[in-house]
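Quick note: the coordinates plus some simple rules give every number you see, no bench work behind them. Computed from a predicted structure; not experimentally measured. Cβ coordinates were reconstructed from backbone atoms using ideal geometry, including for glycine residues, and neighbour counts include every protein chain displayed.
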Amino acid sequence: MQPIHTLSDFFTRTGARTHFYTMGRRVAPCPAETLVAFESGEQGWPQPWLGQAQLACVFQLSPESDPLVWFLALPLDEQGHIDPVPRDAFLQRLLETLGRTAERLAGGIETGDGERIDNLMQDNPLAFTPEITQRAVLHARASADLDRSASEHLELAEAYLTGQLPADGWQALGLQGIADFCVRHDAEQAAQLARQLPALPVAALRPLCHALEHVVPAPALTDALIARGETAAAQGDLETFCACVRAVGQGETQRVGRWYDGLLGDAAAAGPDLLAAIAARGWAHLEDAQRLPRFLDVLAGQGEGPFMKVVRDLALIPRLRLPLLMTLRQVDPESPVGRRLHALNR
């Protein structure tokens, strides 16, 4: 019997039906092979957040049992790879709780075991509590992946967001219903929502945007969100504007990248809130030979603290690390980034 060295080993040995999800930067399915490669040190965490690999482990001990959820924040090193020491300490405590025999785990964990290991999370230094929207989106995704029904709030959210209810009906909406709609809606419903978006009250639009951050918006919906973001900017509504910027983060690059380019070139729009929104949710659109230097130039004008914080954060993203480092190495000394780097090195 092979020893248990990783979380992947543990869940494989238990026989539980398990789904993994990235959290923090984006709530998204995480293939089991990605977790294996990360834990072995072969690759960095694909979506680091706050210097951590924030992971949700959703596992079902039997077809009849309710799923259990662990939220784990695994510390990363400077290159975005796992720091194995905290993970190993957690596994040691877990195995001691269950009894370290391979035979016990080979037979699968039972309901009583699940309750004990779930209780272990209460004083676990790796445990964290995601913010409420991310919890709602995870519940929506996991329910769909486990072939379970959506929440009872979906029907009302679906009716409202597709224009079947009056505009003032938003007060009856539940966040879980909005999250379920964002995860489960089809192309026709996306088109219906796009038509409704200009008239949505801000109180309904913002939670909708927060949930849409974690899905790929259809082109028509992306266009509608961009238009609503422009309206919010013109009205001086910074919070709604940034919510729209974040909501299109996974949208089609041709559409979203063009909008981001315009915003980065607008001195009135390109402030710290916009830059934080792009870095947090629209980072994929920075994989561009012109847009990344432009973003860094604008960022350099925000001061030493914000510049270094965002650069360090983006450098942990595997797809951005090399382009970012190359851009910094090749920067013109007289550019805003060049002057910022010179000031930091003095």
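Key figures
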quantity: Cβ crowding within 10 Å averaged over residues, with 10-20, 322-332, 46-56 ranked highest first; calculated: 46-56, 10-20, 322-332
quantity: Calculated from backbone phi, Karplus (6.51, -1.76, 1.60) coupling profile of segment 80-93 in Hz, x at Gly/Pro; calculated: x, 9, 5, 8, x, 4, x, 4, 5, 5, 5, 4, 4, 5
quantity: For segment 1-60, convex hull volume per residue from C-alpha positions, Å³; calculated: 78 Å³
quantity: Segment 30-70: GluC sites (Glu not before Pro) in DSSP coil with no more than 15 other Cβ atoms inside 10 Å; calculated: Glu42, Glu64
quantity: Segments 264-274, 308-318 sorted - mean Cβ within 10 Å per residue, highest first; calculated: 308-318, 264-274
quantity: For the chain: span of alpha carbons on each principal axis (Å, largest first); calculated: 64, 60, 29
quantity: ³J(HN,Hα), Karplus 6.51/-1.76/1.60, whole Hz, each residue of segment 149-157, x for Gly, Pro; calculated: 5, 5, 5, 5, 8, 4, 4, 5, 4
quantity: In order through segment 310-318: 3J(HN,Hα) via Karplus (6.51 cos²θ - 1.76 cosθ + 1.60), integer Hz, x for Gly, Pro; calculated: 6, 4, 4, 5, 5, 5, 7, 7, x
quantity: For segment 215-346, the Rg and Dmax computed from alpha carbons only, in angstrom; calculated: 14.7, 49
quantity: Long-range HN-HN contacts of Ala53 with modeled amide H, under 5 Å; calculated: Leu74, Leu76
quantity: Which of Gln250, His285, Phe295, positive extreme of dipole for segment 225-305 (C-beta unit charges); calculated: Gln250
quantity: Mean ellipticity per residue at 222 nm, deg cm²/dmol - from DSSP H runs of n ≥ 4 across the chain, formula -39500 (n - 2.57); calculated: -16500 deg cm²/dmol
